[in-house]
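The values are calculated or read from the model by the stated rules, or taken from the named source; none is laboratory data. No experiment lies behind these values; they were computed from the predicted model shown. Every residue, glycine as well, gets a Cβ built from its backbone with ideal geometry; the counts of neighbours run over all protein chains shown. Note: accessible area is taken over every heavy atom of the protein model, side chains too, but ligands, DNA and RNA are not part of it. Shrake-Rupley method; radii C 1.70, N 1.55, O 1.52, S 1.80 Å.
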Amino acid sequence: MTYCIHVPSDTTAKALGADRVARLVEFFAEEHKLDMKVSRNSTRGLYWIEPLVEVDTEEGRYGFGPVKEGDIESLFTAEFWKGNVDHPLALGLVEEIPYLKRQERFTFSRLGITDPLSLEDYKANDGFKGLENAIRLSSQQIVDAVKESGLRGRGGAAFPTGIKWQTVLNVESPKNQKYIVCNADEGDSGTFADRLVMECDPFMLIEGMVIAGLAVGATQGYIYCRSEYPLSIENLNQAIKTAYENSFLGANILGSNNHFDLEVRMGAGAYICGEETSLLESLEGKRGLVRAKPPLPAIVGLFGQPTVVNNVLSLAAIPFIMDKGAKAYADVGVGRSRGTLPFQLTGNVKFGGLVELAFGPTLNELMYDFGGGTRSGRPLRAVQVGGPLGAYLHESQWDTSLGYEEFAQKEAVLGHGGVVMFDNTVDMSEQARFSMEFCVAESCGKCTPCRIGSTRGVEVIDRIRSGENVDGNLNLLADLCETMVDGSLCAMGGMTPFPVQSAMKYFREDFVKSTVSTANTEEL
Amino acid sequence: MTTPRFVTWEPSIAQTIIDEFKAKPGALLPLLHAIQDRFSYIPEDAVALIAGALKLSRAEVHGVISFYHHFRTKQPGRHIVEICRAEACQSVGARGLEAYAKSALGVQYHQTTADNNITLEPVYCLGNCSCGPSVRVGNEVYAEVDSRRFDELVNSLKTERVEIL
Ligand SMILES: Cc1cc2nc3c(=O)[nH]c(=O)nc-3n(C[C@H](O)[C@H](O)[C@H](O)COP(=O)(O)O)c2cc1C
Ligand code: SF4
Ligand code: FES
């Protein structure tokens, strides 16, 4: 019989040595004259045990991890291909690992199970069932289902997806052309869920975009993916090619009269191009300057035509909704946050990775029950949720329930679900300085509070950090933050103050200490 | 580790690329990527050709190139080493790694080592945030990079690694 061994192939597993592990397993299999096949599946997203090597057994997949190069020999000595064997890296049945078992994997149900580029794998695991259902419905019925699901945009602003789609469906396109644009810019530090969709389950995104096209009458889609994600772009392009060859894209999709074309476009290293109007400018081949709204992109979008702009995770949630039903999605969650959010546990965390859960548990549960506290073993001190524009949360706020409104009440944002943990060696005045510095580097430059304000912000924080008129400068910084919040055109300048203000409010002691190290803070 | 195979500037190659892309809607970004992927940077002469083909002014093309961090107008070193300086990596020591890398290589960001081997660049997140500090060389990402691993990485870039296995 052929033994089947799975070694993940996503960027992080590779960064931890998965490619070499896969090659070594093949090499040893040959040495041992074993009939062994190494498949490169996607990652489970349990990064503390990557590279996670899985073997097929009758009871299910057995896991070993984290497997380093030096472990392969002993794995072969223990005859790991039999599954349940005595080896220090043995993890038992992978599906029984509590970290995985306690998740609610709606969107990421195939994560770690399938080969990302295998259409057969995708179809064998409910793939394209949502599209098959959608193709039998009218546009309005699809939009209604998305409304009923309660899905809100996962890219940050949490705007109801169904309502956005309704707007695009209703509006007449002057040129009879509408677009679906997938925002795959994922620039937030502490996030990688979009990357996982694209690298590990690209057909799911394709399916979601085709359904969006059916829903609003768009025949052209673009995925705008950041240049930092070359593997995402490669896998998407492969999957798109396969989808065209199998009638899931192009003319007469699945034998119907529907048409949808899809293309991947690469960004060029600009955070602001994640902002939807800046993204559209960039797609049109221009500088990524933010457009004033209104008009909304839903009405005047790409090349002036009505356009749906949705985050990867929003579009990736659609196949589940159209397959399992809007109610199945809406049934879980808390308050007006329905369905699931793939949280990304990152930074100084012991058990980092992807945790897809229905909205509702607390940040503490996520960071301790799943994350296991800090990697350094030191006490946790600050947590930034929602990317570089998100507030830093203090211990007194960690029992907040994970939901959009629940976070807003704490002057925080959930954003794209990225959770970045810091231990007690963090210097919060340095983090505040970085927030301003990031805005200097990434502002599109269109408005003064953001462009100039951020530069002034860095200077003021430098004065505070060197102990110069600390109280006066803290007041100045508070004023500056208010000006940026009130006077900026988009959330880049409008939210950069959030991490700064939260740092000043909850970690004030880091600003008022007399001597601070200014090492490593030189200008870019 | 694969060394990118860049070709030296040659207008006819650039023209072929331009012809391939110019009819696309929003052609400029994919076109600039293709030019940089082939020549390792976007030469001044290419700007003129692109502007002509897309009916833009050279200033407009320059404006686009300068807006994006990814595009460069000067030839880089043989390898581009990018260090993540975003928050998740900061929380596990990226600041120390940055300082170490600069002193070990003897360059600041955006500079190239004297032997023309390495250009050092900052990057804001590689999506490897659970396993930082993260470094990217070409298309490969490396996880949990400390000063020792950084040295190993840099050493492996000095010599073309022979793949034994
Ligand atoms: C500075 C800035 C950066 C943003 N970056 C992203 C991003 O990387 N990905 C994303 O989907 N949305 C990002 N957004 C939000 C988008 O503007 C937009 O709200 C979103 O793409 C809409 O899709 P959704 O409704 O599916 O969330 C960003 C917004 C701002 C202001
Ligand atoms: S707030 Fe900043 S990024 Fe947003 S439009 Fe103004 S200058 Fe551009
Ligand atoms: S913050 Fe460094 S990889 Fe994301």
Worksheet entry | From A:Ala145, A:Ala193, A:Ala212, A:Ala184, residue being away from every other protein chain (no Cβ under 14 Å) and either open to solvent by less than 10 Å² (accessible area, probe 1.4 Å) or within 16 Å of ligand 2 (Cβ to nearest atom) (or both) | A:Ala212
Worksheet item: Taking A:Ala503, is it under 24 Å from A:Arg381 (Cα atoms), surrounded by 17 or more Cβ atoms within 10 Å (Cβ to Cβ) and not basic (Lys, Arg)?
Response: yes
Discussion item. Consider the stretch B:58-91. How many of its residues are away from ligand 2 (no atom under 16 Å from the Cβ), open to solvent by 30 Å² or more (accessible area, probe 1.4 Å) and not polar (S, T, N, Q)?
Written reply: 10
Response to the item:
Okay, helices (runs of 4 or more DSSP H) sitting entirely in the stretch A:1-119 with 2 or more residues that are open to solvent by 10 Å² or more (accessible area, probe 1.4 Å) and over 29 Å from A:Met367 (Cβ atoms), I get A:18-31, A:72-77
Worksheet item: Across the stretch B:106-165, what is the number of residues that are open to solvent by less than 10 Å² (accessible area, probe 1.4 Å) and within 16 Å of ligand 2 (Cβ to nearest atom)?
Response: 0
Worksheet, complete the sentence: Subset of the stretch A:359-413, residues under 23 Å from A:Asp427 (Cα atoms) and under 17 Å from the mean Cα position of the chain (by Cα), comes to A:Gln384, A:Val385, A:Gly386, A:Gly387, A:Pro388, A:Leu389, A:Gly390, A:Val413
Worksheet item: Residue check: is A:Glu442 modelled with pLDDT of 95 or more, facing chain B (nearest Cβ under 9 Å), more than 23 Å from B:Tyr68 (Cβ to Cβ) and crowded, with 20+ Cβ neighbours inside 10 Å?
Response: no
Practice prompt. Can you work out which of the residues in the stretch B:1-32 that are under 15 Å from A:Lys286 (Cβ atoms) and not in a loop (DSSP other than H, G, I, E, B) is nearest to the other protein chains (Cβ to nearest Cβ)?
Written response: B:Leu28
Worksheet item: Do we find a residue being free of Cβ contacts under 8 Å to residues at least 12 places away in the same chain and touching an Asp or Glu at 6+ places or on another chain (Cβ under 7 Å) anywhere in the stretch A:243-251?
Response: yes
Response to the item:
Per the list (1) within 14 Å of another protein chain (Cβ to nearest Cβ); (2) within 16 Å of ligand 1 (Cβ to nearest atom), residue check on A:Met428 breaks on (2)
Discussion item. Pull out all pairs, ordered by first then second residue, where Cβ-Cβ is under 6 Å, the residues are six or more apart or on different chains, the first lies in the stretch A:113-139 and is in contact (Cβ under 8 Å) with a residue 40 or more places away in the chain, and the second is crowded, with 18+ Cβ neighbours inside 10 Å and not in a helix (DSSP H, G or I).
Written reply: A:Asp115/A:Asn41; A:Pro116/A:Ser42
Worksheet item: A:Arg291: basic (Lys, Arg), modelled with pLDDT of 95 or more, surrounded by fewer than 24 Cβ atoms within 10 Å (Cβ to Cβ) and over 22 Å from A:Lys147 (Cβ atoms), yes or no?
Response: yes
Worksheet item: Residues of the stretch A:142-170 being aromatic (Phe, Trp, Tyr) and out of contact with any helix residue (DSSP H, G or I) (no Cβ under 8 Å at 6 or more places or on another chain), which ones?
Response: A:Phe159
Fill in: The lone exception for B:Ala94 - which of (1) touching a Leu at 6+ places or on another chain (Cβ under 8 Å); (2) crowded, with 18+ Cβ neighbours inside 10 Å; (3) more than 7 Å from chain A (Cβ to nearest Cβ) it fails
(1)
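Inside the stretch A:152-166, can you point out the residues that are more than 16 Å from ligand 2 (Cβ to nearest atom) and either out of contact with any strand residue (DSSP E or B) (no Cβ under 7 Å at 6 or more places or on another chain) or within 14 Å of chain B (Cβ to nearest Cβ) (or both)?
Answer for the stretch A:152-166, where residues must be more than 16 Å from ligand 2 (Cβ to nearest atom) and either out of contact with any strand residue (DSSP E or B) (no Cβ under 7 Å at 6 or more places or on another chain) or within 14 Å of chain B (Cβ to nearest Cβ) (or both): A:Gly162, A:Ile163, A:Gln166.
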Fill in: Out of A:Phe422, A:Phe434, sole residue that is within 14 Å of chain B (Cβ to nearest Cβ) and either of a type in the set (Ser, Thr, Tyr) or surrounded by fewer than 24 Cβ atoms within 10 Å (Cβ to Cβ) (or both)
A:Phe434
Discussion item. If I go through the stretch B:93-142 residue by residue, how many of them are within 9 Å of ligand 3 (Cβ to nearest atom) and assigned to a loop (DSSP other than H, G, I, E, B)?
Written reply: 8
Fill in: One residue from A:Gly255, A:Gly301 being at positive phi and more than 9 Å from chain B (Cβ to nearest Cβ)
A:Gly255
Response to the item:
In the stretch A:375-389, residues that are open to solvent by less than 10 Å² (accessible area, probe 1.4 Å) and more than 16 Å from ligand 1 (Cβ to nearest atom) total 2
Practice prompt. Tell me which residues, restricted to the stretch B:49-87, are more than 8 Å from every other protein chain (Cβ to nearest Cβ), small (Gly, Ala, Ser) and closer than 30 Å to B:Leu157 by Cβ.
Written response: B:Ser66, B:Gly77
Worksheet entry | Tally, over the stretch A:319-358, of residues that are open to solvent by 10 Å² or more (accessible area, probe 1.4 Å) and within 14 Å of chain B (Cβ to nearest Cβ) | 2
